[in-house]
1. Once you put a point 7 Å from the Cα of Asn111 and another 7 Å from the Cα of Ile140, both along the Cβ direction, what distance in nm separates them?
2. Leaving ligands and nucleic acids out of the surface, order Arg268, Arg36 by accessible area at 1.4 Å, largest first.
3. So what J values fall out for the range 275-284 if you push phi through Karplus, 6.51 cos²θ - 1.76 cosθ + 1.60 with θ = phi - 60°, rounded to Hz, Gly and Pro as x?
4. If the cut-off is 16 Å between C-alpha atoms, which aspartates and glutamates fall inside it for Lys213, apart from same-chain ones fewer than 8 positions away?
5. For the range 84-195, give the magnitude of the charge dipole about the Cα centre (Cβ charges: +1 Lys/Arg, -1 Asp/Glu; no others), in debye to the nearest 20.
6. Farthest toward the dipole's positive end in the chain, which of Ile192, Cys61, Thr139, given Cβ charges of +1 (Lys, Arg) and -1 (Asp, Glu) about the Cα centre?
7. Which residues' amide hydrogens lie under 5 Å from the amide hydrogen of Trp150, considering only partners 5 or more residues apart or on another chain, with H built in the peptide plane?
8. Using θ = phi - 60° and the Karplus relation 6.51 cos²θ - 1.76 cosθ + 1.60, list the HN-Hα couplings for the range 74-91 in order, rounded to whole Hz, with x at every Gly or Pro.
Amino acid sequence: MITAHHRNSHTIKVEGKYFKLYMLSDLHWDNPHCDRVALAKHLTLAKEEGAKVIINGDFFCLMQGKYDPRRSKKDILPEHNKVNYLDAVIEDAVNWFGDWADTIIFIGYGNHETAIIKNVETDPLQRFADLFNYTHKPTIPITVGGYGGWLTVQFYRLTSTKSYSIHYYHGSGGGGAVTKGTIQHQRKMADIEGADCVWMGHVHELYAMYQTKAGLDGHRIPILKEVLHLRTGTYKDEYGDGAFGWHVERGAPPKPIGCVTLDFYYRRTHKNMVLDVTPQILSENKFRK
């Protein structure tokens with residue numbers, strides 16, 4: 001169950017000991033370079049494990065309309081090459097993702113979706129969610145968040161509760177060939193207060209790291225808090241074999257295909273209840289051909 005407190009602040013309520021999230025971004029689902037085999041594999045793994053999927057922007061690509069100077073005939077799928085281009089993509093996506101109707105529960109905006117709102121004056125993400133929820137009637141309807149915002153995982157067990165706060169932001173800038181976007185995480189440490197996890201996408205990198213902050217607990221005792229920083233990869237393979245293309249010509253490297261999972265375990269110790277959260281990188285880059 002997802003509760004909305006604000007347009008970009010939501011709580012996922014969990015009862016019991018275990019919960020698992022698959023965290024994806026930058027699907028670019030309608031792009032011919034989208035690795036739909038890898039995407040379907042990860043969505044199916046989530047479904048089989050009883051996990052839930054949340055997506056942090058650029059669900060769509062949507063660059064082939066007449067409004068976009070980047071449009072190219074080779075970058076549109078035949079089934080979307082229609083006079084009602086946006087409708088064709090959204091309706092096709094509703095059908096394609098139907099197998100995971102009870103798995104995907106949350107989608108945030110990326111720059112590709114906000115560009116459509118700006119240039120075409122329609123919201124493709126909200127249109128997708130509304131049509132998806134109407135068509136498939138999932139147990140937990142897909143919720144649409146913001147370009148940035150908060151997701152809180154709230155555990156309820158017996159008479160105790162514990163929460164884990166995720167600050168999501170799709171991302172900005174180019175990431176950097178050397179730093180891979182890690183500098184932006186350091187900036188977020190200065191901007192954001194109270195997050196247990198900071199999650200970004202956008203630059204098509206894939207990593208998990210911790211940064212530690214010093215502070216005081218409720219009894220004014222010094223403590224250290226580890227903040228998990230995540231960057232989720234993409235499912236759009238622009239590099240290919242490195243022979244041609246805009247991505248290759250501008251000197252950009254191959255990018256990782258994959259996502260991050262979070263395993264939550266709410267358990268009792270001899271003193272109190274604790275919430276263990278374990279990240280794992282799920283990559284499809286091994287021996288990619």
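1. 3.0
2. Arg268, Arg36
3. Result, ordered by residue: 10, 8, 10, 10, x, 8, 7, 10, 10, 10 Hz.
4. Those aspartates and glutamates meeting the cut-off are Asp191, Glu193, Asp196, Glu226.
5. Details: 8 positive and 11 negative charges, 126 e Å.
So the magnitude is around 600 debye.
6. Of the options given, the answer is Ile192.
7. Residues meeting the criterion, in which the H sits 1.01 Å from N, are Ser9, His10, Tyr168.
8. 6, 10, 10, 6, x, 6, 9, 7, 9, 5, 9, 3, 4, 4, 4, 5, 5, 5
The values are calculated or read from the model by the stated rules, or taken from the named source; none is laboratory data. All values reported here derive from a predicted model rather than from experimental measurement. All Cβ positions, glycine included, derive from the backbone under ideal geometry; neighbour counts span all protein chains shown. Surface areas here come from the heavy atoms of the whole protein model, side chains and all, with no ligands, DNA or RNA. Shrake-Rupley method; radii C 1.70, N 1.55, O 1.52, S 1.80 Å.
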